[in-house]
1. Under the condition of being of a type outside the set (Gly, Ala, Ser) and farther than 19 Å from residue 54 by Cβ, which residue from the stretch 120-146 is most open to solvent (accessible area, probe 1.4 Å)?
2. Mind counting the residues in the stretch 124-144 that are in a helix (DSSP H, G or I) and under 16 Å from residue 111 (Cα atoms)?
3. Take the residues of the stretch 75-114 that are in contact with a Phe, Trp or Tyr (Cβ under 8 Å, 6 or more places away or on another chain) and under 14 Å from residue 138 (Cβ atoms): which is surrounded by the most Cβ atoms within 10 Å (Cβ to Cβ)?
4. With the condition being under 19 Å from residue 183 (Cα atoms), I'd like the helices (runs of 4 or more DSSP H) fully within the stretch 13-90 carrying at least 1 qualifying residues.
5. If you check residue 151 against the conditions, is it in a helix (DSSP H, G or I), touching a residue at least 40 places away in the same chain (Cβ under 8 Å), among the β-branched types (Val, Ile, Thr) and open to solvent by 10 Å² or more (accessible area, probe 1.4 Å)?
6. Quick check on this structure: which one of 172, 163 is surrounded by 21 or more Cβ atoms within 10 Å (Cβ to Cβ), more than 17 Å from residue 45 (Cβ to Cβ) and of a type in the set (Asp, Glu)?
7. For the stretch 91-100, state whether one or more residues are under 19 Å from residue 155 (Cα atoms), at pLDDT 95 or above and either part of a loop (DSSP other than H, G, I, E, B) or touching a Gly at 6+ places or on another chain (Cβ under 8 Å) (or both).
Amino acid sequence: MHGQPGAGNLRERDRTLPGDPGVFFFITADMAMFAVFFLLFMVGQFQDPEGYRASRAALDPVLGLTNTLILVFSGWWMVRAVEAGREGDWRRARTRVLAAMLFGSAFALTKGYEYYAKVSAGITLTSSEFFGYYFAFTGIHFLHFVLGIGVLAVTAGKLAKPEGAKTLVWLESAAAYWHMVDLLWMVLFPMLYLAGGTA
């Protein structure tokens, strides 16, 4: 499995970005969309700081932090997977992608529990402007997360039958997308759970 043709040559090419440029175009456009969402949220919080603070108090920052750590650790496994792929060690790269999926899947469990707890307490999309944003932003992020898990699953499949440079580009692209999922949550966590205080 070591030294598949093309992997070393790909590392030597003069590339400004890892993976497929089209993936980075998508990531940039997606981040720009979220930047607009975040700006709308900040405007709303500026106009009604007390209302946002009161709503925020109903969130559990420990759950938010737990999800942050889950995604960071999962992202670390993807970094290690890319390292292995660039060395041509496809078996180890696949194992690390599967580890990223395993740890990342815990995000779905904690997020699902949080949604259930909120709805059970009577907190929904229409409870306040803050929770309208909360459910919208975290819901869109969750869709990105689900897509990311799918991408990692396909990547693991491709790593089982590697094609050298082509597989490395796929692996790097998958890692870039997964890091975007991480990064978006790292913005959402302090913005929703911490910014402005909880009481």
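1. 143
2. Residues meeting the conditions: 13.
3. If we filter the stretch 75-114 for residues that are in contact with a Phe, Trp or Tyr (Cβ under 8 Å, 6 or more places away or on another chain), which is where we start, we get 75, 77-78, 84, 96-97, 99-100, 103-104, 107-108, 111.
Filter again for under 14 Å from residue 138 (Cβ atoms), leaving 107-108, 111.
Values: 107: 24, 108: 15, 111: 21.
The qualifying residue surrounded by the most Cβ atoms within 10 Å (Cβ to Cβ) is 107.
4. Details: elements: 21-47, 49-56, 61-86.
In the stretch 13-90, 21-47, 61-86 are the helices (runs of 4 or more DSSP H) which contain 1 or more residues that are under 19 Å from residue 183 (Cα atoms).
5. For residue 151, the condition - in a helix (DSSP H, G or I), touching a residue at least 40 places away in the same chain (Cβ under 8 Å), among the β-branched types (Val, Ile, Thr) and open to solvent by 10 Å² or more (accessible area, probe 1.4 Å) - is not met.
6. Values: 163 fails: surrounded by 21 or more Cβ atoms within 10 Å (Cβ to Cβ).
Just one listed residue meets the conditions, 172.
7. Yes, there is a match, as at least one residue in the stretch 91-100 is under 19 Å from residue 155 (Cα atoms), at pLDDT 95 or above and either part of a loop (DSSP other than H, G, I, E, B) or touching a Gly at 6+ places or on another chain (Cβ under 8 Å) (or both).
Here is a yes/no grid of residues against (1) farther than 30 Å from residue 95 by Cβ; (2) open to solvent by less than 60 Å² (accessible area, probe 1.4 Å):
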| site | (1), (2) |
| --- | --- |
| 60 | yes, no |
| 63 | no, yes |
| 69 | no, no |
| 73 | no, no |
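The values are calculated or read from the model by the stated rules, or taken from the named source; none is laboratory data. Note that the coordinates shown come from a computational prediction; the quantities given were computed from them, not determined experimentally. In this analysis, Cβ positions are derived from the backbone assuming ideal geometry, glycine residues included, and neighbour counts consider all displayed protein chains. Each accessible area value is taken on the protein alone, full model and side chains, heavy atoms only, with ligands, DNA and RNA left out. Shrake-Rupley method; radii C 1.70, N 1.55, O 1.52, S 1.80 Å.
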